[in-house]
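A.B. asks: Before we start, here is the structure in question, set down as structure tokens.
The values are calculated or read from the model by the stated rules, or taken from the named source; none is laboratory data. Because the structure is predicted, anything quoted here is derived from the model rather than measured. Here the Cβ positions follow ideal geometry from the backbone for every residue, glycine too, while neighbour counts run over all protein chains shown. Calculation scope for accessible area: heavy atoms of the full protein, side chains included, ligands and nucleic acids excluded. Shrake-Rupley method; radii C 1.70, N 1.55, O 1.52, S 1.80 Å.
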Amino acid sequence: MIFYSVHFNRPEFIAIQKECIDEIGGTLGVIKNSSDIQIDSECNRLGVKIYTNPNTNSLSPSHSHGLALNFITTIIDYSQDWCLLDHDFFPLKKINFEDYDILGLIHQEKYLWPGFMAGKRDISLNGVDFLPTPGRDTGAGTYVLISGEYKIRVVSEEYVGFDSGSIKSLQTQ
């Protein structure tokens, strides 16, 4: 499985993601979504393939993230299962599709949260628009996957290594 992770800051997270992904038998690819040269340096040091999003100029973080995700749809290697990750999401268990086509978190019961979404190799994201729409955040266009013929397994994220007092500062759906 290839994990595609959008990074715009915190280059130290790349090593953590790579270690987690190596442990479960996957490959990490980083999509650089900023001008932070430390992301390049860290990827080169770790031997992680890096892709530079050509569309990093945006007025909003959600729009920028959507552009990066749209870029990923042009580079996904569909000869393997794939997974989209936020830069601060660290998978700890091997992904098992069982009888499902897509695994992910559902946002507002309407679309898949692009911070973690995995698909079998034959599930294409071509034509999915990840840009936010009025009243909806990044990934709103994934509603087409939910309304399609795909079997989707809804998973939940688990916070580890944090006490309950700090959980409010963590990114949530």
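A.B. asks: On alpha carbon coordinates alone, what is the Rg over Rh value for the chain, Rh being the Kirkwood radius?
C.D. replies: Answer for the chain: 0.93.
A.B. asks: Assuming R0 = 25 Å, can you tell me the calculated FRET efficiency for the pair I16 and Y143, based on Cβ-Cβ distance, to the nearest 0.05?
C.D. replies: Here the calculated transfer efficiency is 0.20.
A.B. asks: Could you please state, rounded to a whole Å, how far the C-alpha centre of the stretch 78-142 is from the C-alpha centre of the stretch 1-29?
C.D. replies: Distance between centres, Cα-based: 16 Å.
A.B. asks: A follow-up question, please. Which value in deg cm²/dmol, rounded to the nearest 500, describes the helix-derived mean residue ellipticity at 222 nm for the chain, given -39,500 (n - 2.57) per DSSP H run of n ≥ 4 and division by the residue count? Let's see the in-between values first.
C.D. replies: Details: 4 runs with 38 residues, N = 173.
Value at 222 nm, helices only, nearest 500: -6500 deg cm²/dmol.
A.B. asks: Ignoring ligands, DNA and RNA, what percent of the 1.4 Å accessible area of the chain is carbon and sulfur? Walk me through the intermediate numbers first.
C.D. replies: Details: 4550 of 9310 Å².
Here carbon and sulfur together make up 49 percent of the probe-accessible area.
A.B. asks: Probe of 1.4 angstrom, ligands and nucleic acids ignored: what's the accessible area per residue over the chain, in square angstrom?
C.D. replies: It amounts to 54 Å² per residue over the chain.
A.B. asks: Amide H neighbours of T52 under 5 Å, counting only residues 5+ apart in sequence or on other chains, H built in-plane at 1.01 Å?
C.D. replies: Result for T52 returns K32.
A.B. asks: Below 23 Å, Cα to Cα, which lysines can K93 reach? Residues fewer than 8 away in the same chain don't count.
C.D. replies: Candidates past the 8-residue exclusion: K18, K49, K120, K151.
A.B. asks: At 7 Å along Cα-to-Cβ for each site, give me the label-to-label distance between I37 and N9 in nm.
C.D. replies: Once both label points are built, they end up 2.0 nm from each other.
A.B. asks: What percent antiparallel are the DSSP beta bridges of the stretch 27-134, to the nearest 5?
C.D. replies: Rounded to the nearest five, the antiparallel share is 70 percent.
A.B. asks: Evaluate the relative contact order of the chain (contact order divided by residue number), counting alpha-carbon pairs under 8 angstrom at least 6 apart; express in whole percent.
C.D. replies: Relative contact order of the chain: 22 percent.
A.B. asks: In terms of solvent-accessible area of protein heavy atoms at a 1.4 angstrom probe, what is the ranking of W113, W82, highest value first?
C.D. replies: The ordering from most to least exposed comes out as W113, W82.
A.B. asks: Could you go through the stretch 79-86 in sequence order and give the Karplus-derived ³J(HN,Hα) for each residue, using 6.51 cos²θ - 1.76 cosθ + 1.60 with θ = phi - 60°, rounded to whole Hz, and x for Gly and Pro?
C.D. replies: Result, ordered by residue: 7, 10, 4, 9, 8, 9, 9, 6 Hz.
A.B. asks: Go through A15, L46, I75 and say which Cα lies farthest out towards the positive end of the charge dipole of the chain; charges sit on Cβ, +1 for Lys and Arg, -1 for Asp and Glu.
C.D. replies: My answer, from the dipole projection, is I75.
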